[in-house]
1. Could you give the length gained on full extension between His205 and Val144, defined as 0.36 nm per residue of separation minus the Cα-Cα distance, in nm?
2. By how many nm would the segment from Gln24 to Leu70 grow when fully extended, if each residue of separation counts as 0.36 nm and the alpha-carbon distance is taken off?
3. Which order do the peptides 196-207, 181-192, 131-142 come out in when sorted by mean C-beta neighbours inside 10 angstrom, highest first?
4. What is the extension gain from Ala197 to Ala128, computed as 0.36 nm multiplied by their sequence separation minus the C-alpha to C-alpha distance, in nm to one decimal?
5. Give the long-range amide H neighbours of Leu182: residues separated by 5 or more places, or on another chain, with amide H under 5 Å away, using H modelled in the peptide plane at 1.01 Å from N.
6. Taking amide H atoms as placed 1.01 Å from N in the peptide plane, list the residues 5 or more away in sequence, or in a different chain, whose amide H sits under 5 Å from that of Val88.
7. Return the sequence-ordered ³J(HN,Hα) values of the stretch 186-196 in whole Hz as given by the Karplus equation 6.51 cos²θ - 1.76 cosθ + 1.60 applied to θ = phi - 60°, using x for Gly and Pro.
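Any read-out appearing in this document is the output of simple, stated calculations on the displayed coordinates, not a laboratory observation. What you see is a predicted model; the values in this text were computed from it and never measured. Glycine also receives a Cβ, built like all others from the backbone with ideal geometry; neighbour counts cover every protein chain displayed.
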Amino acid sequence: MKNKDIDQDSSNAGIGDRLRAERQRLGYMQADFGAAVGVSKTTQFNYEAGDRTPDARYLRKAAALGLDLLHVVMGTRDDSSADRYIRVPALEAQTQGGTAPLKEDGAPYEASGLCFGKDWLEARQLSAPQLSVVTVRGSSMESVLFDGDQVLVDQQDRRPRSGFVYVLRQGEELLVKYCQMLPGGILRVTSANPSFAAYDVDLAHTTELEVIGRVVASLHEW
């Protein structure tokens, strides 16, 4: 029995190490990956530490994020997995109280990005070259999006429509907000959190605001 326990511990540790490496390859923080597959940060930590073994439901959801299951479970790399997934670049965003880091030319820095299944993107008619991932910062969209949430942004859809969430660049900030076009070229910018007042921007008289794209999915949906 003792030898069996040692073998089991060794097996779990190997799976945990490979699980951690795969999560990092996909560009997820530990808490974010756990949330995406429906477990707590503590459970994710225990899986990676080898203290617990992931169940089938967890592994199925992890595979949908781009995790190489064959590698995690067996230690053998699935060379075909790269053909089924594509990396979407990430941009750092803050919804309030600060500015995102910018390059010398004023463009936001790209982070490592996240991997998405090509089938998942095609089913939603999303073109990978036009997508980016944004991490929400702040509380202005609470009840819909929360601090630390990651959202997928379609940069092809830049014409604001009522009821949809968009990523905006205003000056040196990236904002995640509800947007609506009003008569006369006025853009109304609204937060989900009622503590933040709505405001209007006259697009004809400013070059300080740009619609980056529409939020088409959040961390909880992929």
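1. On the way: separation 61, 0.36 × 61 = 21.96 nm, distance 3.06 nm.
Residue separation times 0.36 nm, minus the Cα-Cα distance, leaves 18.9 nm.
2. 14.9 nm
3. Ranking, from highest mean packing down: 131-142, 181-192, 196-207.
4. 21.4 nm
5. For Leu182, the qualifying residues are Leu187, Arg188.
6. Here the answer is Leu114, Cys115, Phe116, since their amide H atoms fall under 5 Å of that of Val88.
7. 8, 9, 8, 10, 10, 9, 6, 7, x, 6, 9
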